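Structure, as structure tokens:
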Amino acid sequence: MDIEPVASSSPLSVSSPQSFQSAEVNHSPDQPTFHRQVKLLPYELREHCMIYFEEGLYCQALNLLTALLTSASAASVQIPVILPPSQHLALVATLAVHPTLTTRAKTLDKIQASNLALQYLQLVLKHVGPLQGNLHEAFAFTGQGIPSRRGGRRRATGEEASPVDGGFGRISNELANTGSLWACAENFWHVVGWCCNCSVLHKKRWERWSAWLSYMIDVLEADWEARESTRENDTNAKSLILKYIDSGRAASGGERKIVRAIFANGRPKSVAEFGEIWKNETKELKKDADVHKAEKIDIDADDYGDYMDDEAEADLEDSSSDHSSPAHDMNSPQVDSIPDTAGSLGGMESIHIRVRLLSLLSKVSASEPDAFITLKALYDMYLDQLRSLPIPAFFLIMSPPSLQPFVSAAASTLTQYVLLSLIAASAPLPPSDTLSQDILVVNYLPFPANRNSIVENTKVSLCVETLLRILDTHPEMGLSWTPELHEAAEEGIKARITKSKKKQTKRGTDGDGGCDGMWLAASAQRIRAVIAMARP
């Protein structure tokens, strides 16, 4: 039996929409099998929350909202969950990641507020879901510091109407208006690019951004899956991910800029394109400005402790992570010539987040090519980024564990697409991208790269290894040891080593020869191990 990502007439085609739609979907075990109905926060409680938010008493507001949500969720009868207006949810999302409540928090209370904000958003997604919770409206980027929530709010009508959207006025808090995440960022992909840059350059900011971005991907995936399950006309066209894609396409750079955001690597060009969201975002409080407990608050006496204090630039300094290594010195003209390491994409958590986004875009492209772009066009853009990666980063993205966000059919298709761009011209083209053991033996295993480059031969080996492991772990089959399989693998290993030795290069032109040779040898050992384990 073969893995069938697509019935294709062209060896260079990619998976059809049907192959993605019919593939299994991994649902989070934390997600309930149903979502509660929603009831708008009553007027008096809404006013209480409004006052708390406007006075900067975030913990009080979030504790109240959390209590209202969880009390309804814990009830034995199916009573509606009480949610605030979408303006409040938008503010909560900003509180979860804003530097004054995270990396520059002056009080433990503010740190607690940011944690409560993220926890509350996760509870909303779990118990209410993206559609009932109207997250499509709450998480709308307005860009350029001109929030649409300023003053009155346009009422939704017709199909856009929601029980959460009551058309309420603005919250008189800078973080809900011109200082909000939704106003300060150009669009979602600006945030993605900046988050990925932080994973390389600003580890303290990344700690918070990674949690926020993981949550947002959960929202995008849940929103897409919920709309897919309804099977109504034009439902996907209203999805949050397509809304974000449309805003990204409207900006300079279009779809390619969206893909560049996912591969942002902290280098000067990347930081120039995807810069910080808030001014002085990466700066930290000076060492003598220790975090302390909140001062006593007396609302009746108009005493709010330090909640209403403005942040002075004199109290800030550059974060220590900005100077952690010469490779991160943004003023150094030689930064792009410094060899990358496995951390060039920010570590495994960052890579996992990037691959989740790549997988989501692939699903959208497979399902709605007219609303986005074709899979082939999308994979061409992926290929432009993947081929330029150093071997460690390439391996970390293209290995089977990293590709788990893709269903096996999509992972196989993407790997073959990359491999076909690298493999020797003498390799016969496969009849389709339907992966089978015969295709591995005839079309992939015996061949080196097209160039006399140890880097490209190593990448060919890594792709072949990934395809072997995808096939071996397929639930309905596995590799079957045959003499042909063994001989093809050995022939390819020898061919790649031989071709790599034909070109001696200086460091920086073809990588670090010694190190890259170790990667090639290690991949060869793993290929042999996979095939040996298939032997009865």
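The values are calculated or read from the model by the stated rules, or taken from the named source; none is laboratory data. The structure displayed is predicted, hence computed values, not measured ones. Please note: Cβ atoms are built from the backbone with ideal geometry, for glycine as well, and neighbour counts cover all protein chains shown.
Conditions (1) within 19 Å of Gln525 (Cα to Cα); (2) free of Cβ contacts under 8 Å to residues at least 24 places away in the same chain, marked per residue:
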site: Phe406; (1), (2): no, no
site: Ser412; (1), (2): no, no
site: Gln416; (1), (2): no, no
site: Ser421; (1), (2): no, no
site: Ser426; (1), (2): no, yes
site: Glu456; (1), (2): yes, no
site: Ser461; (1), (2): yes, no
> What tally of residues in segment 247-280 results from selecting those that are under 15 Å from Phe141 (Cα atoms) and modelled with pLDDT under 95?
Replying inline: 5
> Within segment 167-223, which residues are more than 17 Å from the chain's Cα centre (by Cα), among the basic types (Lys, Arg) and over 18 Å from Pro85 (Cα atoms)?
Replying inline: Lys204
> Considering segment 353-383 alone, what residues qualify as being of a type in the set (D, E, K, R), free of Cβ contacts under 8 Å to residues at least 40 places away in the same chain and in a helix (DSSP H, G or I)?
Replying inline: Asp380
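Of the residues Leu422, Leu435, Leu467, which is under 22 Å from Arg387 (Cβ atoms), at pLDDT below 95 and touching a strand residue (DSSP E or B) at 6+ places or on another chain (Cβ under 8 Å)? Explain how you work it out, then say what you get.
Values: Leu422 fails: at pLDDT below 95; Leu467 fails: at pLDDT below 95.
The conditions single out Leu435.
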> Does segment 441-461 include one or more residues that are at pLDDT 95 or above, within 20 Å of Pro401 (Cβ to Cβ), among the charged types (D, E, K, R) and outside any loop (DSSP other than H, G, I, E, B)?
Replying inline: yes
> For segment 480-522, how many residues are at pLDDT below 60 and surrounded by 13 or more Cβ atoms within 10 Å (Cβ to Cβ)?
Replying inline: 5
> Do you know which residues across segment 234-271 are within 20 Å of Ala371 (Cα to Cα), of a type outside the set (Gly, Ala, Ser) and not in a helix (DSSP H, G or I)?
Replying inline: Asp234, Thr235
>> Quick check on Pro428: is it surrounded by fewer than 18 Cβ atoms within 10 Å (Cβ to Cβ), assigned to a loop (DSSP other than H, G, I, E, B) and out of contact with any helix residue (DSSP H, G or I) (no Cβ under 8 Å at 6 or more places or on another chain)?
In response: no
> Failed condition for Ala237, given (1) of a type outside the set (Ser, Thr, Tyr); (2) surrounded by fewer than 24 Cβ atoms within 10 Å (Cβ to Cβ); (3) at pLDDT 95 or above; (4) more than 18 Å from Gly346 (Cα to Cα), with all others met?
Replying inline: (3)
> Regarding Ile217, is this residue touching a Gly at 6+ places or on another chain (Cβ under 9 Å), of a type outside the set (Gly, Ala, Ser) and part of a helix (DSSP H, G or I)?
Replying inline: no
> What residue, of Ser214, Ser252, Ser239, Ser229, is closer than 22 Å to Val407 by Cβ, among the hydroxyl-bearing types (Ser, Thr, Tyr) and out of contact with any helix residue (DSSP H, G or I) (no Cβ under 9 Å at 6 or more places or on another chain)?
Replying inline: Ser229
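Does Ser436 count as surrounded by fewer than 20 Cβ atoms within 10 Å (Cβ to Cβ), of a type in the set (S, T, N, Q) and in contact with a helix residue (DSSP H, G or I) (Cβ under 8 Å, 6 or more places away or on another chain)?
yes
Answer yes or no: is there a residue in segment 281-290 that is within 20 Å of the chain's Cα centre (by Cα) and surrounded by fewer than 16 Cβ atoms within 10 Å (Cβ to Cβ). Can you show your working first?
So in segment 281-290, the residues within 20 Å of the chain's Cα centre (by Cα) come out as none.
There is no residue in segment 281-290 that is within 20 Å of the chain's Cα centre (by Cα) and surrounded by fewer than 16 Cβ atoms within 10 Å (Cβ to Cβ).
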> Based on what the data block shows, is Ala411 assigned to a helix (DSSP H, G or I) and either in contact with a Ser or Thr (Cβ under 6 Å, 6 or more places away or on another chain) or under 24 Å from Ile353 (Cα atoms) (or both)?
Replying inline: yes
>> Looking only at segment 390-403, filter to residues that are part of a loop (DSSP other than H, G, I, E, B) and touching a residue at least 60 places away in the same chain (Cβ under 8 Å); which one of those is surrounded by the most Cβ atoms within 10 Å (Cβ to Cβ)?
In response: Leu403
